[in-house]
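Heads up, the thing below is written out as structure tokens.
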Amino acid sequence: MTLADFIIDLVRVVVAFGFLLVSVMLLIWFERKVISDMQNRIGPNRAGPFGILQTLADGIKLFFKEDLVPERSDRVVFKLAPYLAIVPALLSFVIIPVGGTVHIAHHAIQLQVADPPMGILFLLAMSGISVYSLMLAGWSSGSKYPLLGSVRASAQMVSYEAALSLSIAAVVLVTGGLTTSSIVGSQVAHPTHWLPSWNIVRLGVIPFVVFLIASTAEINRPPFDLVEGEQELVGGFHTEYSSLRFALFFLAEFMNTITMSAVAVTLFLGGPDGPIPHSGTHYLGPKWIWPIIWFGAKVTAFLFFQVWLRATLPRLRYDQLMNLGWKILIPVSLAWLLIVGAMKLKLSWGIAAIVASLVLGVGMVRALAVGKRDAAISERG
Amino acid sequence: MMSVNFLAAVAHVAVPDAVTFAVAAVVVVLGAIGVVATKSPIHGALCLVGTLIGVAVLFLEEQADFLAAVQVIVYAGAIVVLFLFVMMLMGVDREESFKDDPMKVQRVVGIIVGACVLAGVLILANVQWVTGAHSANAPLTGRVSNVNDLANSVFTVYLLPFEATAALLITAVVGAVLLARRRSVVPLVGMTESPEVPPGSPEVSPTELPGDDGGSVAEVAPGGEDKDQNEVVSQ
């Protein structure tokens, strides 16, 4: 590794870090503005033009608040938990390819902080680690509601990680590689047919939908935010947190939202790929800027979708959440994975797989119905 | 020209290599000591996570990327989470004193067994008559990433052992579910008192929480009654 490479890596890390912080600031403002629009309110409008500096003001306020550690808490773990939330949130963004390649002074710089061979598995590893922050925050607070919130959180996140992994496995299967750069590379096609080569079309829409639901549950966004259900759990796992530690949890949650949207774009919507406006070899504007614009536009659309979900859907009940995860998402994505694999082998195998999944699906539905009926009978006595 | 691969790049250079190893090794050993030395089981579990992540970094340094990722996803991300989950739910997170050990003999046995395992590992690291293959202590040369190599060997040469392992695991899970459910409905032979579940404690056991929707999957006891489980058991 030469000095130039080291500097390039350093710049990439710093830029990604700054970008994440700034976009979290904008996202919180965006979310509040959009929701207030949907609810026929004005929303934040005091700090800066259109209230855009509201988040900054809130951040400064949190920074100067008193930092409380409850008497009955486990101090070490209580202080450790917010960092366990923020570190995976920051790290998982490094594998996202934000754009194509930029040439500066004979150095080809890929717009991606790191491209480890384990690729998309890194995301799963990081989301596995982030479970700890919620669990430990709730447990170490030493009071009831945070503990209940954290027990819910761990069950929810471990359950939905399975569905998330299965939908990612379909993408990996059709790509033939784990790295995010190869996933994006396999979706790039000739500029005139950019849509059909994206994974959302190539895989059928099912894995995309499963990923969307599972990732929303994984980052505890509404309508899956039972972890912090106000009516039942006060504030959930972060009830006892205040000041900067609370701000870290908040920051991590929004960073995860951005990262998951970016991952969805990378996995299913071609990442930085798009209908580049050009005629022959003449691009409109510099060549490297279009991938970044497409990527940014797609991620913003996704973030709008997330905000929209929050403004529209009521929170699920706990049993509905678990039913959705274990009885619908996991079987559907398993069957779809089988079908995709068989289709890759041969068309006849694919049709056989579809028939087999349908038969197994009917069997499963029947088994669930019988179980429910028997439970009802035994309840009546 | 330049490696995008920041993590692997670290492993290529001599000096960071030694530093990475040293840091990871310290984390692994400290974590392992913490698991046995800390009083609270939750702290012990956290130290275990530290050890697992340290081992993952060591795997990464040996360019076993897939193994490192799976180590973190499966062990740190799922298994220890379940440990913690059970501890929190069952409320066994009270601190244990290091002094009052109900079985004094287990320390001596533990030291002896530990020494034997250490000796075994040291011997196995230097011979190959046990496994029949040379240990791979160098990066895989040529060809593709080790994910592809691993997939090739698991799904072609060693397909049968792989599938047999999968069947074994699923059997274990089904067995565990069956045992956990049976115990709450039908008394086992020689067990007259209500086992485990005292009337005051929460009705859910950790094994039935994920996927449980409040009894729709409950099996029917031979008598057709599984509503008041404690009563049935104490009959």
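The values are calculated or read from the model by the stated rules, or taken from the named source; none is laboratory data. Remember, it's a predicted structure, so these values are computed and weren't measured experimentally. Cβ: placed from backbone, ideal geometry, glycine included. Neighbour counts: every protein chain shown. In case anyone asks, the SASA skips ligands and DNA or RNA and just uses the protein heavy atoms, side chains included. Shrake-Rupley method; radii C 1.70, N 1.55, O 1.52, S 1.80 Å.
Structure above, values below:
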item: Of residues in segment A:51-77 being under 25 Å from the mean Cα position of the chain (by Cα) and in a helix (DSSP H, G or I), the one farthest from A:TRP139 (Cα to Cα); result: A:GLN54
item: Candidate set: segment A:134-145, residues that are in a helix (DSSP H, G or I) and more than 11 Å from chain B (Cβ to nearest Cβ); chosen: the one surrounded by the fewest Cβ atoms within 10 Å (Cβ to Cβ); result: A:LYS144
item: Restricting segment A:330-348 to residues that are touching a residue at least 60 places away in the same chain (Cβ under 8 Å) and within 23 Å of A:MET157 (Cβ to Cβ), the residue that is surrounded by the fewest Cβ atoms within 10 Å (Cβ to Cβ); result: A:LEU334
item: Which numbered condition A:VAL131 misses (of (1) of a type in the set (Val, Ile, Thr); (2) in contact (Cβ under 8 Å) with a residue 60 or more places away in the chain; (3) within 11 Å of chain B (Cβ to nearest Cβ)); result: (2)
item: Filter result for the condition that a residue is at positive phi and of a type outside the set (D, E, K, R), over A:SER261, A:SER243, A:SER215; result: A:SER243
item: Segment A:84-133, residues that are over 30 Å from A:LYS287 (Cα atoms) and in contact with a Gly (Cβ under 8 Å, 6 or more places away or on another chain); result: A:LEU124, A:ALA125, A:SER127, A:GLY128, A:ILE129, A:VAL131
item: Lone unmet requirement of (1) at pLDDT 85 or above; (2) open to solvent by 20 Å² or more (accessible area, probe 1.4 Å); (3) within 15 Å of A:GLY270 (Cα to Cα) for A:VAL201; result: (1)
item: Number of positions in segment A:115-128 that are within 8 Å of another protein chain (Cβ to nearest Cβ) and part of a loop (DSSP other than H, G, I, E, B); result: 4
item: Selected residue (criterion: farthest from B:GLY77 (Cα to Cα)) from residues of segment A:91-110 that are more than 9 Å from chain B (Cβ to nearest Cβ) and touching a Ser or Thr at 6+ places or on another chain (Cβ under 7 Å); result: A:PRO97
item: Test: residue in segment A:45-52 that is out of contact with any Leu (no Cβ under 6 Å at 6 or more places or on another chain), farther than 19 Å from A:GLU253 by Cβ and within 14 Å of another protein chain (Cβ to nearest Cβ); result: no
item: Flag for A:LEU313 being at pLDDT below 90, over 28 Å from A:GLN156 (Cβ atoms) and open to solvent by 50 Å² or more (accessible area, probe 1.4 Å); result: no
item: Test: residue in segment A:134-150 that is touching a helix residue (DSSP H, G or I) at 6+ places or on another chain (Cβ under 6 Å) and among the charged types (D, E, K, R); result: no
item: Residue match in segment A:81-88 (condition: more than 29 Å from A:SER154 (Cα to Cα), open to solvent by 30 Å² or more (accessible area, probe 1.4 Å) and in contact with a Phe, Trp or Tyr (Cβ under 8 Å, 6 or more places away or on another chain)); result: no
item: Single residue of segment A:361-381 satisfying the filter (open to solvent by less than 60 Å² (accessible area, probe 1.4 Å) and more than 26 Å from A:LEU334 (Cα to Cα)) that is farthest from the other protein chains (Cβ to nearest Cβ); result: A:ALA376
item: Selection count, segment B:47-67, where residues are facing chain A (nearest Cβ under 7 Å) and open to solvent by 30 Å² or more (accessible area, probe 1.4 Å); result: 1
item: Residue check for A:TRP349: at pLDDT below 85, over 30 Å from A:ASP225 (Cβ atoms) and either hydrophobic (A, V, I, L, M, F, W, C) or part of a helix (DSSP H, G or I) (or both); result: no
item: Complete set of residues in segment A:223-244 that are among the hydrophobic types (A, V, I, L, M, F, W, C), closer than 17 Å to A:TRP139 by Cα and either open to solvent by 60 Å² or more (accessible area, probe 1.4 Å) or outside any helix (DSSP H, G or I) (or both); result: A:VAL234
item: Filter pass, A:SER36 being under 22 Å from A:MET255 (Cβ atoms), among the polar types (S, T, N, Q), away from chain B (no Cβ under 13 Å) and not in a loop (DSSP other than H, G, I, E, B); result: no
item: Boolean, A:TYR160 is at pLDDT 80 or above and surrounded by fewer than 20 Cβ atoms within 10 Å (Cβ to Cβ); result: no
item: Where A:ASP9 falls short, out of the listed (1) on the phi > 0 side of the Ramachandran plot; (2) within 14 Å of chain B (Cβ to nearest Cβ); result: (1)
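Every residue, every condition in (1) modelled with pLDDT under 90; (2) more than 10 Å from chain A (Cβ to nearest Cβ), yes or no:
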position	(1), (2)
B:HIS12	yes, no
B:ILE33	no, yes
B:ALA37	yes, yes
B:GLY44	yes, yes
B:ALA69	yes, no
B:ALA78	yes, no
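Listed here are the residues, each with its yes/no results for (1) part of a helix (DSSP H, G or I); (2) closer than 15 Å to A:THR216 by Cα; (3) touching a Phe, Trp or Tyr at 6+ places or on another chain (Cβ under 9 Å).
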residue	(1), (2), (3)
A:LEU251	yes, no, no
A:GLY285	no, no, no
A:LYS298	yes, no, no
A:LEU303	yes, yes, yes
A:VAL332	yes, no, no
A:LEU358	yes, no, no
